[in-house]
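K.L.:
Encoded as structure tokens, here's the structure I'll be asking about.
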Amino acid sequence: MEDKMSLKELEKLKEVKIKIDKTSFEVNSGLCKKCNEKLVKIVENKSILDGSMTFHIIKLKCLKCGKEYLDLDQAEKYDLLLTLEKVMKNKPIEDLSEKISMLN
């Protein structure tokens, strides 16, 4: 865009300083891309290993269409949960502990 601006227009631009901290990347509100309704923050608790490990996933949900959104941190946490669930389904913890004890 700056290549289409005249020198006078560029000189009128002001420098802006912004502060970016850890919370800058959190998504706390928004509108649904599908139906343009306001999103509501919800916490979904997912447990694995018979409840010995619980993940608290914070989502933004559209109450009209049901679509859910995650920010990057929550998406990474959810990805870890799904990976652990997949590992547990394919190789139960008993099998893993049995193989470890055979190595000792």
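K.L.:
Among the residues of segment 52-61, count how many are modelled with pLDDT under 90 and touching a strand residue (DSSP E or B) at 6+ places or on another chain (Cβ under 8 Å). Write out each step before concluding.
P.N.:
Initial filter on segment 52-61 (modelled with pLDDT under 90): 52-53.
Applying the additional criterion that residues be touching a strand residue (DSSP E or B) at 6+ places or on another chain (Cβ under 8 Å) yields 53.
The number of residues fulfilling the criteria is 1.
K.L.:
Report yes if Val27 is loosely packed, with under 10 Cβ neighbours inside 10 Å and within 13 Å of the chain's Cα centre (by Cα), otherwise no.
P.N.:
Working: loosely packed, with under 10 Cβ neighbours inside 10 Å: no; within 13 Å of the chain's Cα centre (by Cα): yes.
No: the conditions fail for Val27.
K.L.:
Please work out which residue is modelled with the lowest pLDDT, limiting yourself to segment 37-48 and to residues that are surrounded by 10 or more Cβ atoms within 10 Å (Cβ to Cβ) and farther than 15 Å from Asp71 by Cβ.
P.N.:
Of segment 37-48, the ones surrounded by 10 or more Cβ atoms within 10 Å (Cβ to Cβ) are 37-42, 44, 46-48.
After this cut, where a residue has to be farther than 15 Å from Asp71 by Cβ as well, the list is 37-38, 46-48.
Working: Glu37: 92, Lys38: 94, Lys46: 91, Ser47: 89, Ile48: 84.
Across segment 37-48, the extreme among qualifying residues is Ile48.
K.L.:
When you scan segment 49-61, how many residues do you find that are surrounded by 11 or more Cβ atoms within 10 Å (Cβ to Cβ) and out of contact with any helix residue (DSSP H, G or I) (no Cβ under 6 Å at 6 or more places or on another chain)? Steps first, please.
P.N.:
To start, the set of residues in segment 49-61 that are surrounded by 11 or more Cβ atoms within 10 Å (Cβ to Cβ) comprises 49, 53-55, 57-61.
Okay, now just the ones that are also out of contact with any helix residue (DSSP H, G or I) (no Cβ under 6 Å at 6 or more places or on another chain), so 49, 53-54, 59-61.
Looking only at that region, the number is 6.
K.L.:
Among the residues of segment 62-104 satisfying the criterion of being polar (S, T, N, Q) and exposed (fewer than 12 other Cβ atoms within 10 Å of the Cβ), which is modelled with the highest pLDDT? Working first, answer last.
P.N.:
So the first thing to find is which residues in segment 62-104 are polar (S, T, N, Q), and the list is 74, 83, 90, 97, 101, 104.
Then drop every residue that is not exposed (fewer than 12 other Cβ atoms within 10 Å of the Cβ), which leaves 83, 90, 97, 101, 104.
On the way: Thr83: 87, Asn90: 76, Ser97: 63, Ser101: 66, Asn104: 55.
In this case the residue turns out to be Thr83.
K.L.:
Restricting to segment 10-25, what's the tally of residues that are among the aliphatic types (A, V, I, L, M) and not in a loop (DSSP other than H, G, I, E, B)? Before you say what the answer is, go through the steps one by one.
P.N.:
From segment 10-25, those among the aliphatic types (A, V, I, L, M) are 10, 13, 16, 18, 20; that's our starting set.
From what's left, not in a loop (DSSP other than H, G, I, E, B): 10.
So the answer is 1.
K.L.:
List every residue pair whose Cβ atoms lie under 7 Å apart, where the two residues are 6 or more positions apart in sequence or sit on different chains, the first residue falls within segment 26-37 and is over 20 Å from Ile57 (Cβ atoms), and the second residue, located anywhere, is acidic (Asp, Glu) and assigned to a loop (DSSP other than H, G, I, E, B).
P.N.:
Hits for this filter: Leu31/Glu37.
K.L.:
Would you point out which residue out of Leu31, Leu49, Leu39 is touching a Phe, Trp or Tyr at 6+ places or on another chain (Cβ under 9 Å) and farther than 14 Å from Gln74 by Cα? Please lay out each step first, then the result.
P.N.:
Numbers: Leu31 fails: touching a Phe, Trp or Tyr at 6+ places or on another chain (Cβ under 9 Å); Leu49 fails: touching a Phe, Trp or Tyr at 6+ places or on another chain (Cβ under 9 Å).
Going through Leu31, Leu49, Leu39 in turn, the sole match is Leu39.
K.L.:
Could you tell me whether Cys65 is touching an Asp or Glu at 6+ places or on another chain (Cβ under 8 Å) and assigned to a loop (DSSP other than H, G, I, E, B)?
P.N.:
The answer is yes for Cys65.
The values are calculated or read from the model by the stated rules, or taken from the named source; none is laboratory data. Everything quoted here is computed from the prediction, not taken from an experiment. Glycine gets a Cβ as well: all are built from the backbone with ideal geometry, and neighbour counts include every protein chain shown.
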